[in-house]
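Colleague: The structure under discussion is supplied below as structure tokens; questions concerning it will follow.
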Amino acid sequence: MDPLLIEVPHRLETPRLVLRGPRAGDGAAACAAVQASIESLRPWMPWAQQDQTLAQAETYCRRQQALFILREELSWFVYERGFEGPDGPVLGGIGLHHIDWNERRFEIGWWRRTGLEGIGLAGEAVWAVTRLAFDTLGARRVEARMDETNQRSWRLAERMGFTFEGVLRLDSSTPGGTPRSTRVYARVRGVEEPGAAQTEAKESRGEPAPAGIPALEPSGVSGEAGQAG
């Protein structure tokens, strides 16, 4: 099937959050979130090396909207439920990248606004997109890659039930140009994720979702603007 014909929801909801795809007009809120988090993002994110302008943020939002329609990149901004309008603060971002529709392989990545650590926000968003990938998009494999020293991110991957597959030693460089190694985690159909027949059998018995869903912390995620992970 042509990927353009694959239905992918532009909006996802979790108990506390709304994940919505970027669109024209989101630049101001996105810029505010990145600028509030720039020092925490800078060690990990190549796009966070310089202060972001409003024009750059708006360009990013429109480009991501186009890539979403083309099914080349699937990105969502994270909002608190009830505050996802044009004036609502962006709490972070999450997406499926390096997509191979033939093999149904995806790479998941995320970042969180500074000041929102320790309340399960990133985990809730990661789990929602992981479930979308497997339950709606038919993923065979969803992987997460991060700098070996980004402990917060790889611990989150482990909490989400991703299996540590190994370290790619000195495979790339940090945004600052220093050689770095990459940790690789994955959930795979038939291993961490049940196969189609297993899923249908569990659903018919009324059994719960696969293990790994994060324990939700108390609400109240709006307010101050995390480093990635």
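Colleague: How far apart, in nm, are two points set 7 Å out from the Cα along the Cα-to-Cβ line at S172 and at T53?
Modeller: 2.7 nm
Colleague: On to the next question. By its C-alpha gyration tensor, with a ≥ b ≥ c as the square roots of the eigenvalues, how is region 98-199 shaped: rounded for a/c under 1.5, else prolate for a/b larger than b/c, else oblate?
Modeller: oblate
Colleague: Now a separate question. Over region 3-204, what relative contact order in percent results from Cα pairs under 8 Å that are six or more residues apart?
Modeller: Relative contact order here is 18 percent.
Colleague: Where in region 107-141 is the amide nitrogen less than 12 Å from a point lying 7 Å along the Cα-to-Cβ axis of R155?
Modeller: Counting backbone N atoms under 12 Å from the label point, the list is 118-119.
Colleague: Let me ask something else. Would you mind giving the average projected area, over all directions, of the Cα convex hull of region 3-204 in nm² with one decimal?
Modeller: 11.8 nm²
Colleague: Separation of region 78-111 and region 130-146 by C-alpha centroid, Å?
Modeller: Region 78-111 and region 130-146 have Cα centres spaced 13 Å from each other.
Colleague: What percent do you get for the relative contact order of region 107-173 when only Cα pairs under 8 Å and 6+ apart count?
Modeller: Relative contact order of region 107-173: 33 percent.
Colleague: Label-point separation (nm) for I6 and H98, each offset 7 Å from Cα along Cα-to-Cβ?
Modeller: 1.6 nm
Colleague: Could you tell me which GluC sites (Glu not before Pro) in region 3-64 are loop residues by DSSP with no more than 12 other beta carbons within 10 angstrom of their beta carbon?
Modeller: Counting only loop positions with at most 12 other Cβ atoms within 10 Å, the GluC sites (Glu not before Pro) in region 3-64 are E7.
Colleague: Now for a different question. Go through region 65-138 and name the GluC sites (Glu not before Pro) that are in a DSSP coil and have 10 or fewer other Cβ atoms within 10 Å of their Cβ.
Modeller: E103
Colleague: How large is ³J(HN,Hα) for each residue in region 94-99, as worked out from phi by the Karplus curve 6.51 cos²θ - 1.76 cosθ + 1.60 (θ = phi - 60°), to whole Hz, x for Gly and Pro?
Modeller: 8, x, 10, 10, 6, 7
Throughout, read-outs are computed from the coordinates displayed, never taken from laboratory work. What you are looking at is a predicted structure, and each value in this text was computed from that prediction instead of being measured. Neighbour counts run over all protein chains shown; Cβ positions are idealised from the backbone, glycine included.
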